[in-house]
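For reference, the structure discussed in these notes is given below.
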Amino acid sequence: MTIWNLGSINLDFVYELAEFPKSGETVVARQKTEFLGGKGTNISVAAVRAAAHVIHIGSVGSDGHWAVERLMEYGVDTSQISVVDEMTGHAIIVVDQFGENQIIVFPGANRKIPTDGIKAALSSAQPGDFLVVQNETNAQIEAAILGHRLGITVCYVAAPFDDTALSSVLPFIDLLILNEVEALQLEKSKSCSLLDLSVNDVIVTRGKNGSRWFQLSSRSIQDFPTRQARAIDTTGAGDTFAGFLLAGLHQGLVMQQAISQANLAASIMVTRHGTADVIPDLKDVQDLMLSK
């Protein structure tokens, strides 16, 4: 079985600060580092490190061959990544002394993924496969509709949050992952509870408070605590959660087991500086389970 990921590919510029600047203020960064990133890339790498087979569907510019090579080194299938006439996407990430972040994303090639290429790629999808999409690329709706028609499990990671984009894919998805802020935005825009959506499984990540699972079929809500860790950088923690969750479900874990595993992976991720390059692997998580 395969996880198909229509996802972004970015160069992340990470700046460490004592505190975020106020409007009109200039501050000096303590350190600058560069990483492979993008929500899509992070999810692909996390799922592969959790022992899943992942085919990444995306685009880079002529300046992005290094990113494709890095993804290949991590074990991601890059055969469906196109080179387009646009600069590779990038993000500017600032991280304060408490590990919180602010992010500016330039989509670039991520918004130029050829639709025909997505259709051609997914023509090889099989029953039991997963498709995950996020809001950092174009063609999310087309991919979700196609995945729905093919009968594969379609997951939407609702970040960056946009009510119009999310509303467009809601009828075609089986699993929705979002954080607490995005969950509140969604409930406000729809004037309803998450249990009143048409999506059977909704998972809300809650940072140090773990995660919460809303299941439509049973009308149930279940909380999952996480290991407490000293966060030095929360960047990519949600993507790590998503990748490990999908990998766990893909490998046959029940939802409760998959969520618990994903929580542990995210708790490791927040103790590391960086994005895709520092995502933990399954052994890291299993070692943590054994030590508990």
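The table that follows gives values for the structure above.
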item	result
Extreme residue, nearest to A159 (Cα to Cα), among residues of the range 106-121 that are open to solvent by 10 Å² or more (accessible area, probe 1.4 Å) and in a loop (DSSP other than H, G, I, E, B)	P107
Members of the range 1-43 that are touching a Gly at 6+ places or on another chain (Cβ under 6 Å) and of a type in the set (F, W, Y)	F35
L170 surrounded by fewer than 22 Cβ atoms within 10 Å (Cβ to Cβ), under 18 Å from the mean Cα position of the chain (by Cα) and at negative phi	yes
Residue satisfying all of: in the range 173-213; among the basic types (K, R) and either out of contact with any strand residue (DSSP E or B) (no Cβ under 9 Å at 6 or more places or on another chain) or under 19 Å from V254 (Cα atoms) (or both); most open to solvent (accessible area, probe 1.4 Å) among these	K188
Neighbours by Cβ (under 6 Å, 6+ apart or cross-chain): first from the range 129-150, farther than 20 Å from A247 by Cβ; second among the polar types (S, T, N, Q) and surrounded by fewer than 17 Cβ atoms within 10 Å (Cβ to Cβ)	A139/T115; I141/S168; E142/T115
Matching helices (runs of 4 or more DSSP H) fully within the range 122-227 where at least 2 residues are among the polar types (S, T, N, Q) and over 30 Å from M87 (Cα atoms)	180-190
Boolean, S82 is surrounded by fewer than 21 Cβ atoms within 10 Å (Cβ to Cβ), among the small types (G, A, S), outside any loop (DSSP other than H, G, I, E, B) and in contact with a helix residue (DSSP H, G or I) (Cβ under 8 Å, 6 or more places away or on another chain)	yes
Any hit, the range 19-42, residues being among the hydrophobic types (A, V, I, L, M, F, W, C) and either part of a helix (DSSP H, G or I) or under 19 Å from I152 (Cβ atoms) (or both)	no
Condition check for A91: open to solvent by less than 40 Å² (accessible area, probe 1.4 Å), among the small types (G, A, S), closer than 29 Å to K190 by Cβ and not in a helix (DSSP H, G or I)	yes
One residue from V68, V76, V60 being under 21 Å from E142 (Cα atoms), β-branched (V, I, T) and open to solvent by less than 80 Å² (accessible area, probe 1.4 Å)	V60
Residue that is nearest to Q256 (Cα to Cα), among those in the range 216-239 that are of a type in the set (S, T, N, Q) and surrounded by fewer than 17 Cβ atoms within 10 Å (Cβ to Cβ)	Q222
Qualifying residues in the range 96-105 (those that are more than 22 Å from A143 (Cβ to Cβ) and within 19 Å of the chain's Cα centre (by Cα)) - the one least open to solvent (accessible area, probe 1.4 Å)	G99
Candidate set from the range 240-266 (those that are surrounded by fewer than 18 Cβ atoms within 10 Å (Cβ to Cβ) and polar (S, T, N, Q)); member that is modelled with the lowest pLDDT	Q251
Search result, residues across the range 29-48 that are open to solvent by less than 50 Å² (accessible area, probe 1.4 Å) and among the charged types (D, E, K, R)	K39
Positions within the range 2-28 being open to solvent by 40 Å² or more (accessible area, probe 1.4 Å), in contact with a strand residue (DSSP E or B) (Cβ under 8 Å, 6 or more places away or on another chain) and more than 26 Å from G64 (Cα to Cα), in sequence order	F20
Scan of the range 267-292 for residues that are open to solvent by less than 60 Å² (accessible area, probe 1.4 Å), under 21 Å from Y15 (Cα atoms) and touching a helix residue (DSSP H, G or I) at 6+ places or on another chain (Cβ under 7 Å), ordered by number	I268, M269, V270, T275, A276, I279
Failed item in (1) of a type outside the set (V, I, T); (2) on the phi > 0 side of the Ramachandran plot; (3) in contact with a His (Cβ under 6 Å, 6 or more places away or on another chain), with A139 passing the rest	(3)
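The values are calculated or read from the model by the stated rules, or taken from the named source; none is laboratory data. This is a predicted model, so every value here is computed, not measured. Neighbour counts are summed over all protein chains in view; Cβ atoms, including those assigned to glycine, are modelled from backbone coordinates with ideal geometry. Remember, those area values only see protein heavy atoms, side chains included, never the ligands or the DNA or RNA. Shrake-Rupley method; radii C 1.70, N 1.55, O 1.52, S 1.80 Å.
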